[in-house]
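The values are calculated or read from the model by the stated rules, or taken from the named source; none is laboratory data. Since the model is a prediction, treat every value here as computed from it, not as a measurement. A quick note on method: Cβ atoms are made from the backbone with ideal geometry, for glycine too, and the neighbour counts reach across all protein chains shown.
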Amino acid sequence: MAINRDKQVSGKNYSSGFEKKILTFEELAGKVNVLLSDKKKIVFTNGCFDVLHAGHVRYLNDARSLGDILIVGVNSDRSVRRLKGKERPINDLENRLTVLSALVMIDYLVVFEEDTPYNLIKHIKPAVLVKGGDWEVADIVGSDVVLAAGGEVKSLPFYAGNSSSLIIERLKELS
């Protein structure tokens, strides 16, 4: 998916700067090499982030506090449909990336097409791999890769009452 990194207004190019956080797999590979040579502690998490809510923001902030750099893998639209059903995503990939890229705690975003970010994790080999508290550490995809490389895997606190599915159900009840 191509993200328009520059906006044209009255014939001039303007960039919000947010889009600079969105990297292709290849761009991320180069960035990770630089970060590791600079001894940066990379934290990785992933998700659909379909309907962003306060639980996501708290979780991402908690994840960012565990290292120097937070990289977030975002499921593609096709991946979200396979995981969540034909009515999802509510927000398409470009909209989800735009909102996520505005969050200050996120350093880089990368999209993945697979159902899990396993191949991405194998490539990044983050120092810390995190998921929300509804995941047991043993069930976190990529935990084997991170632990074998001497990293940490954490299940961060789940903020009850904050769920995209719950928000979607509330909206359906209102309509």
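Numbers below:
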| item | result |
| --- | --- |
| Search result, residues across region 109-151 that are in contact with an Asp or Glu (Cβ under 9 Å, 6 or more places away or on another chain) and at pLDDT below 95 | Lys131 |
| Residues of region 49-75 satisfying the condition of being of a type in the set (A, V, I, L, M, F, W, C), crowded, with 21+ Cβ neighbours inside 10 Å and modelled with pLDDT under 95 | Phe49 |
| Matching option when the condition is over 15 Å from the mean Cα position of the chain (by Cα) and free of Cβ contacts under 8 Å to residues at least 12 places away in the same chain, among Leu83, Leu36 | Leu36 |
| Any hit, region 87-102, residues being of a type in the set (Ser, Thr, Tyr), more than 27 Å from Val34 (Cα to Cα) and surrounded by 15 or more Cβ atoms within 10 Å (Cβ to Cβ) | no |
| Some residue of region 93-104 being in contact with a Ser or Thr (Cβ under 8 Å, 6 or more places away or on another chain) and either of a type in the set (Val, Ile, Thr) or without any contact (Cβ under 8 Å) to a residue 40 or more places away in the chain (or both) | no |
| Among residues of region 1-38, those that are at pLDDT below 60 and in a loop (DSSP other than H, G, I, E, B), counted | 10 |
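Matching residues to (1) part of a helix (DSSP H, G or I); (2) without any contact (Cβ under 8 Å) to a residue 40 or more places away in the chain; (3) within 12 Å of the chain's Cα centre (by Cα):
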| residue | (1), (2), (3) |
| --- | --- |
| Lys40 | no, yes, no |
| Asp50 | no, no, yes |
| Ile71 | no, no, yes |
| Val111 | no, no, yes |
| Lys122 | yes, yes, no |
